[in-house]
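Colleague: Handing you a structure now.
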């Protein structure tokens with residue numbers, strides 16, 4: 001108790017001296033879409049019912065249902081990753097268009113609006129938002145900050161922050177900044193594509209390690225009556241529960257390692 005009291009007293013003194021209250025920033029949770037939840041429910045219910053009718057082993061049917069229920073979430077993650085890759089790959093063309101418009105005499109906000117007009121979503125709709133913010137709203141910097149929070153991508157962070165700084169500096173340096181930024185983004189995209197290609201083999205290995213034991217279990221129960229009787233018993237249910245817990249932990253560790261391999265948002 002004395003240690004806790006001393007720690008709280010130290011924090012209180014630090015707050016009084018610095019006039020800054022420490023805050024804990026909770027990680028942002030990416031909630032699944034309602035369609036994904038509905039698809040996961042349907043897949044789990046149908047898969048569990050079919051497995052129960054074919055195998056007549058409740059725990060195996062439950063495991064099959066839970067595994068099939070994760071498929072829509074995996075599809076959503078794959079679609080989100082593909083959308084991010086397409087979005088990141090559009091930055092060199094956008095920057096080239098912006099640089100051409102700036103060289104022709106346009107202002108940086110107008111050039112960026114024109115560059116976004118032919119870009120994929122959500123950058124395509126961002127053109128109207130930036131134009132409205134520049135002319136009637138909070139301004140160019142606020143629009144870029146809002147777009148950065150919506151995209152939540154390291155490359156987008158660097159590009160939009162650099163554009164904001166270039167907008168403030170102005171003058172002849174804008175063209176040089178855009179040229180250097182375009183080259184830097186192109187190099188980073190090449191490195192990202194090489195990294196994703198290297199990670200593809202690891203993703204396939206993780207998927208096989210996730211599915212293979214359960215496919216073997218289903219095949220064993222379907223073809224061996226003694227295995228069916230064994231897994232209907234209480235010890236068999238315990239074995240399946242332990243196996244499913246190990247599968248879940250391995251899946252979470254694989255996802256965590258994939259997150260560690262991605263570039264962090266330095267300017268978040």
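Any read-out appearing in this document is the output of simple, stated calculations on the displayed coordinates, not a laboratory observation. Note that this is a predicted model, so its numbers are computed, not measured. With ideal geometry, Cβ positions are generated from the backbone for all residues, glycine too; neighbour counts draw on all protein chains shown.
Colleague: For a footprinting-style exposure proxy, rank 31, 214, 91 by other Cβ within 10 Å, fewest first.
Modeller: Details: 31 8, 214 18, 91 23.
The order, fewest Cβ neighbours first, is 31, 214, 91.
Colleague: Okay, next question. Can you tell me how segment 89-188 classifies by the Cα gyration tensor, rounded, prolate or oblate, using a/c under 1.5 as the rounded cut? Kindly include the intermediate steps, with their values, before the conclusion.
Modeller: Working: a/c = 1.40, a/b = 1.11, b/c = 1.26.
Cα axes put segment 89-188 in the rounded bin.
Colleague: Same structure, new question: If R0 is 41 Å, what FRET efficiency do you get for residue 222 and residue 33 from their C-beta distance, rounded to 0.05?
Modeller: Values: r = 34 Å, r/R0 = 0.84.
Using R0 = 41 Å, I get an efficiency of 0.75.
Colleague: Next question. Quick check: the distance between the Cα centres of segment 63-109 and segment 128-199, to the nearest angstrom?
Modeller: Result: 14 Å between the Cα centres.
Colleague: Mind checking the full-extension length gain between residue 104 and residue 186? Use 0.36 nm per residue of separation minus the Cα-Cα distance, one decimal, nm.
Modeller: Numbers: separation 82, 0.36 × 82 = 29.52 nm, distance 2.30 nm.
Value of the extension gain: 27.2 nm.
Colleague: Pull out a ≥ b ≥ c, the square roots of the eigenvalues of the alpha-carbon gyration tensor of segment 142-216, then state rounded if a/c is under 1.5, prolate if not and a/b is larger than b/c, and oblate in the remaining case.
Modeller: On the way: a/c = 9.28, a/b = 2.54, b/c = 3.66.
Oblate is the answer for segment 142-216, as a/c is 1.5 or above yet b/c matches or exceeds a/b.
Colleague: To the nearest 0.05, what FRET efficiency results for residue 128 and residue 42 with a Förster distance of 51 Å applied to their C-beta separation? If you can, show how the numbers build up before the last one.
Modeller: Details: r = 37 Å, r/R0 = 0.72.
E(calc), rounded to 0.05, equals 0.90.
Colleague: Given a cut-off of under 8 Å on Cα pairs at least six residues apart, what relative contact order in percent is computed for segment 89-188? Please list the in-between numbers first.
Modeller: Details: 86 pairs, mean separation 26.8, N = 100.
Once divided by the residue count of segment 89-188, the mean separation gives 27 percent.
Colleague: Once you have the Cα-Cα distance between residue 238 and residue 195, take 0.36 nm times their residue separation minus that, and quote the gain in nm to one decimal.
Modeller: Numbers: separation 43, 0.36 × 43 = 15.48 nm, distance 4.00 nm.
Extra length from residue 238 to residue 195 when fully extended: 11.5 nm.
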